[in-house]
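Following: one structure in structure tokens, then a few remarks.
Just so it is clear, none of the values below were taken in a lab; they were calculated from the coordinates. Computed from a predicted structure; not experimentally measured. With ideal geometry, Cβ positions are generated from the backbone for all residues, glycine too; neighbour counts draw on all protein chains shown.
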Amino acid sequence: MLLYNSKPYVLQVIFITLFLTQLSKVQSTTLTSFTFPNFWSNSLENGTEISFLGGATYTPGALHLTRIAEDGFPMKSDAGQASYSHPVFLWNSTGHEASFYTSFSFLIKNSDVPKVTADGFALFLAPPDSSVKNYGGCLGLVTSYATAADPSKNQFVAVEFDTWPNVEFPDPPYPHIGIDVNSTVSVATKRWENADAYGNRIATAHITYDASSKIINVLLTYDNGRPYVLSHVVDFPKILPTWVRIGFSAGTGYNETTYILSWSFTSTLDSSKIRALTQNLRSSASYSSM
């Protein structure tokens, strides 16, 4: 069993726990809030909390974003999505826009040989009636490599964890973390070191969106490892409708499967709370990288 014992991680968990406790008390500004500290609930089987599309499945303890073949290996050329079963508010015409914080832990199980593992997964926000798309580098988000780089053909915002550099569109030539806007060609990227991307290690991602600044922030952490930090301006009202679907999407090309081990989400109209959380997460990241 993996034990988290690094001081920065412990401080970070304590702060986030206190923040979410305080935020949950502000009922007038809290819009949507849910927490899955693990995925052992029997109610997950009937779809009332999590909805599954394509190859995504559930077994006690984890969400599986793609299928396992009969031989016990991850299924190649598969795509799947697991999303929260209820629509989430983003903005309206009166000027109200939600800020949010989401955190999840995951494990990508793959070969330790980079050339035989692909392609990754993403946390996404998309219209409620959207569906799972194609496999491989499409990550279940776009219909084909031909439309992957065409924002006019797609409608979503995502944070991708890409284990395969696709030459079919201008991917960086290495595994990376990216912020995607209507395209799987990321508008901002951070190199994801091979030891982490292919290391079969549990990671924790923290993502915040501050509606007042229009900035989405990403922090990826490993126990006893250097954090990854990424941010970019994203104007949600110009991209997505008032209500959206939020969840995880994955595509396989080779031997790889993604397990989501925990997930929490909180949205609020009080952007100052998200801004304070973001600052503390960044401080924690700076401290843990020393």
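Under the criterion of Cα pairs below 8 Å and six or more residues apart, the relative contact order for the chain equals 30 percent. Look at the alpha carbon pairs under 8 Å that are at least 6 residues apart: their mean separation over the length of the stretch 211-277 gives a relative contact order of 24 percent.
Stretching Ser152 away from Ser85 to a fully extended chain increases their span by 21.5 nm, per 0.36 nm per residue minus the current alpha-carbon distance. Between the beta carbons of Ser144 and Ser33, assuming R0 = 45 Å, the FRET efficiency works out to 0.80 to the nearest 0.05. Structure remark: mean-square fluctuation, Gaussian network model of the chain, C-alpha springs under 10 Å; the largest value among Thr57, Thr163, Thr35 belongs to Thr35. Other residues with beta-carbon under 11 Å from the beta-carbon of Ala122 carry, at +1 per Lys or Arg and -1 per Asp or Glu, a net charge of -4. By the count of other C-beta atoms within 10 Å, a proxy for reagent exposure, Glu256, Glu168 are ordered fewest to most as Glu168, Glu256. Quick check: from the Cα gyration tensor, does the chain come out rounded (a/c under 1.5), prolate or oblate? Verdict is rounded for the chain.
Peptides 92-105, 204-217 ranked from most to least packed by the mean count of surrounding Cβ atoms within 10 Å: 204-217, 92-105. The H on the amide N of Ala98, modeled in the peptide plane, is under 5 Å from the matching H of Trp91, each at least 5 residues off or on a different chain. Considering only Leu139, Thr266, Ile246, and ranking their Cα positions along the charge dipole of the stretch 7-288 that arises from unit charges at the beta-carbon of Lys, Arg, Asp and Glu, the one farthest toward the positive end is Thr266. Take the Cβ atoms of Phe73 and Lys238, set R0 to 41 Å, and the FRET efficiency comes out at 0.45.
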